[in-house]
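*Asks:* Take this structure, written in structure tokens, and hold onto it; I'll ask about it next.
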Amino acid sequence: MKIIAWKTRTVLVAALVALYGCESVALIGRPTIESRPTPRNINATVDGLDHGLREIYLRAGSSQHYVVNYTTDTRVMADGSVSGPRSLQVGDRVQVDVREGGDKRLYAQGIRIEKRGAAAPSGIRTVEGTVERLSAERGRLEVRAASGDLLTVYVPDSAGAEIRDRLHRLRVGDYVRIEGERLGEHHLELLAFR
């Protein structure tokens, strides 16, 4: 009986504090990944292009990569002329004005080619699609990309616990977005789930 009375008093005190004593208290949380600011401009090198998905893969540093989508309104400026994103080439040094879409993806509003280049791509590629086959024990999955290609994705032995846990939670038919290093035309080594 004493425990019930104590719990009742505790609930009553908490209710009174909530009603009358907390009018000037604010809760401040930590910033989340979703709350980090979207870049307005990205200065980078074109690392790859997927015109089927309308994606431009950018490398801004040795370990900073971006996937930027483009639309039919996206314009590319170079040497005073204006063209579309299909005029971009791997190795071009570019400045991209971006905005974040409602789907949380980055979209190119305008692209300025600062220098034409022929730098070798890093081989890092972002792919999204549906899991068609899965062998978590062998560290392998097959993903049907939006372009229709069937890609084999290998999970390296050195993959961290977070990647392995995500792999074991996947099911055939799940939609995934992954970042991987290109091993061949239809083969990737998984770097991260996005």
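The values are calculated or read from the model by the stated rules, or taken from the named source; none is laboratory data. Here the structure is a predicted model, which is why all the values come from computation and not from measurement. Note: ideal-geometry Cβ built from the backbone for every residue, glycine included; neighbour counts use all protein chains shown. Please note that ligands, DNA and RNA were not included when accessible areas were found on the heavy atoms of the full protein model with its side chains. Shrake-Rupley method; radii C 1.70, N 1.55, O 1.52, S 1.80 Å.
*Asks:* Residues to consider are SER147, SER158; find the one that is of a type in the set (Ser, Thr, Tyr), more than 18 Å from LEU53 (Cβ to Cβ) and either in contact (Cβ under 8 Å) with a residue 24 or more places away in the chain or not in a strand (DSSP E or B) (or both).
*Replies:* SER158
*Asks:* So, of the residues in segment 67-90 that are touching an Asp or Glu at 6+ places or on another chain (Cβ under 9 Å) and not aliphatic (A, V, I, L, M), which turns out to be farthest from ALA192 (Cα to Cα)?
*Replies:* Top of the filtered list is TYR70.
*Asks:* Limited to segment 79-89, what total is found for residues that are open to solvent by 50 Å² or more (accessible area, probe 1.4 Å) and assigned to a loop (DSSP other than H, G, I, E, B)?
*Replies:* Residues that pass the stated criteria total 3.
Results for (1) hydroxyl-bearing (Ser, Thr, Tyr); (2) within 22 Å of the chain's Cα centre (by Cα); (3) under 19 Å from ALA60 (Cα atoms); (4) open to solvent by 30 Å² or more (accessible area, probe 1.4 Å), shown as yes or no for each residue.
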| site | (1), (2), (3), (4) |
| --- | --- |
| GLY101 | no, yes, no, no |
| TYR107 | yes, yes, yes, yes |
| THR126 | yes, yes, yes, no |
| GLY139 | no, yes, no, no |
| LEU151 | no, yes, no, no |
| ALA159 | no, yes, no, no |
| GLU162 | no, yes, no, yes |
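*Asks:* Exactly one condition in (1) touching a strand residue (DSSP E or B) at 6+ places or on another chain (Cβ under 6 Å); (2) farther than 19 Å from ARG194 by Cα is not met by SER135; state its number.
*Replies:* (1)
*Asks:* In the list GLY129, GLY102, which residue meets the criterion of being in a loop (DSSP other than H, G, I, E, B) and among the small types (Gly, Ala, Ser)?
*Replies:* Step by step, each of GLY129, GLY102 is checked, and only GLY102 is in a loop (DSSP other than H, G, I, E, B) and among the small types (Gly, Ala, Ser).
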